[in-house]
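Below: the structure, in structure tokens.
The values are calculated or read from the model by the stated rules, or taken from the named source; none is laboratory data. Since the model is a prediction, treat every value here as computed from it, not as a measurement. Ideal geometry is used to build each Cβ from the backbone, glycine not excepted, and the neighbour counts take in all protein chains shown. The accessibility values were calculated without ligands, DNA or RNA, using every heavy atom of the protein model including side chains. Shrake-Rupley method; radii C 1.70, N 1.55, O 1.52, S 1.80 Å.
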Amino acid sequence: MKKLISFIIRFVPRTVLQRVSVPGLKIVGLFLRGNNVTCPIVNKSYKKFLPYGRIKPRPNALCPDSLSLERHRLIWLFLKEKTDFFNKKIHFLHIAPEQCFLKPFEAQHGEQYITADLVSPLAKVKMDVHNIPFDDNTFDAAMCNHVMEHVEDDIQSMSEICRVLKPGGWAILQVPFFSPVPDETFEDKSITNPRDREKAYGQDDHVRLYGKDYADRLRKAGFEVDENKFVYELPAEQVKRYALPANEIIYFCKKPLLNK
């Protein structure tokens, strides 16, 4: 199973996976039902989650019904416990929308929930994050996860997200980190071969390897950054029950108020 999932993720285009994966995984989920782990997004429990990963699949990672991964379940809990995201309707920009969030976010925010992506069939708006087609100070909040490692100019893309947020608005902007995490982000534009990129950056469609300076790059783009260790506040049993990433920092970014 691990080898099959690794092969599919590495070599089947993401746009194809987004269209065809749901029915098959829901059938798999019927055989995995149990009471060892729970996905808080759909409130369903299983004997275990499916493995997931391109090269070395992580065990107990992918929920077959919601398609959530460890980081998605953590973000869901963070939104519920640390923000007012589920308490009122807000104007929310979701870049490269994850399938597990689409239905509940749409139900919460309706027409004010805007999904955007350059190629994803799941998105309402076709958009290049380097040049976001919305006016300044449009959105109350935004989310853009595991995108900046793919784009040509991450600082420009981060700055665009900051630009379209209202003063005081917030964004969650996660990126992958590979151990050992370097002190400084590494990028070399001469590395273009997919296999060389996989070796240098951890994945063949990445163009940089993020380091411990990631928060500083977000600050350079105009954000105030809270490197939030929410997962460390949770009981160990809850981390295990939801199969959360034990060391994931949530980069909770705010656009400064105008009068500051």
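Kindly report the accessible area of the chain per residue (heavy atoms of protein chains, probe 1.4 Å, no ligands, DNA or RNA), in Å².
Values: 13150 Å² over 260 residues.
Counting only protein heavy atoms, the per-residue value for the chain is 51 Å².
Note: relative contact order over the chain, using C-alpha pairs below 8 Å and six or more positions apart, is 15 percent. Think of each Lys and Arg Cβ as +1 and each Asp and Glu Cβ as -1; about the Cα centre, that makes the dipole of the range 102-260 roughly 320 debye.
Of the accessible area of the chain, computed with a 1.4 Å probe over protein heavy atoms only, carbon and sulfur atoms account for 53 percent.
Once Lys and Arg get +1 and Asp and Glu get -1 on their Cβ, which of Y201, G211, F177 lies farthest toward the positive end of the dipole of the range 134-211? Value: F177.
The phi torsions of the range 94-111, fed into the Karplus equation with coefficients 6.51, -1.76 and 1.60 and a -60° offset, translate into couplings of 10, 8, 6, x, 7, 4, 5, 9, 4, 5, x, 5, 5, 5, 6, 10, x, 5 Hz, rounded to whole numbers, with Gly and Pro shown as x. Cβ-Cβ distance of E233 and E111, R₀ of 30 Å, FRET efficiency by 1/(1 + (r/R0)^6): the value works out to about 0.30.
Pick the calculated Cα extents along the principal axes in Å for this structure from (i) 57, 39, 37; (ii) 55, 47, 35; (iii) 45, 43, 39? The listed entry that was calculated here is (ii). Distance between the pseudo-spin-label points of V119 and L257 (7 Å out from Cα toward the beta carbon): 4.3 nm. Scalar couplings 3J(HN,Hα) for the range 178-193, obtained by applying the Karplus form with A = 6.51, B = -1.76, C = 1.60 to θ = phi - 60°, are 10, 7, x, 6, x, 5, 10, 4, 10, 8, 9, 5, 7, 7, 10, 5 Hz; x denotes Gly and Pro. Considering helices alone, the calculated mean residue ellipticity of the chain at 222 nm is -10000 deg cm²/dmol, with DSSP H runs of length four and up weighted by -39500 (n - 2.57) and normalised per residue.
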